[in-house]
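The values are calculated or read from the model by the stated rules, or taken from the named source; none is laboratory data. Keep in mind that what you see is a predicted model, and the values were worked out from it rather than measured. All Cβ positions, glycine included, derive from the backbone under ideal geometry; neighbour counts span all protein chains shown.
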Amino acid sequence: MDENKLVSDFNTEIDMAFRTAWQSDRGGDDQWNVFMNTYGVTPLLQSDKDMLFNSEMKIARGAFPIELRRVCEKIVEKYRANVSASPKLSAALSSFDMDAKVKEYYQKIKPFAGLGDIFKNASTGTQKYSSGLQTEKQITIRCKNCGAPRLEEMQYDSCLFCGSKLFETA
């Protein structure tokens, strides 16, 4: 197969996954679920979606970033089989930045935070943390890619929101 066609097909599939996720209803819809199933990706359980809907990381539309990541991982895996036959495809796969793509997607689906939201958040935060009498955690571990807080106390593997690694391993 033509090397340029392989690279083009790879980019087209990634873009199609991005667009399909973005165009789905908030939290994903049947069309998105069918799309995920074509790649063998199982949609999030409703309980997981409910937990993410109630988290700090809000979405205004589209599927959850972790589902898009899982589809993109399957697409990359599919094209890795042809890497030995195509140096251009190998270069395209090596240069594909999964975290950046998922972050770009999250920037498109997150709700607009106007100035009112910023000042409301600041006043709430000032009242909550300025007294110094709370016994709450002083540090929240956040995802380096999307900024989501670690949702579970013992969560050390991947971000539940976007799927990127929470901690670097040597």
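Mind checking whether some residue in region 121-140 is within 20 Å of the chain's Cα centre (by Cα), closer than 19 Å to residue 44 by Cβ and modelled with pLDDT of 60 or more? Scanning region 121-140, I find no residue that is within 20 Å of the chain's Cα centre (by Cα), closer than 19 Å to residue 44 by Cβ and modelled with pLDDT of 60 or more, so the answer is no. If you go through region 21-55 and pick out every residue that is farther than 18 Å from residue 110 by Cβ, touching a helix residue (DSSP H, G or I) at 6+ places or on another chain (Cβ under 6 Å) and touching a residue at least 40 places away in the same chain (Cβ under 8 Å), you end up with 0.
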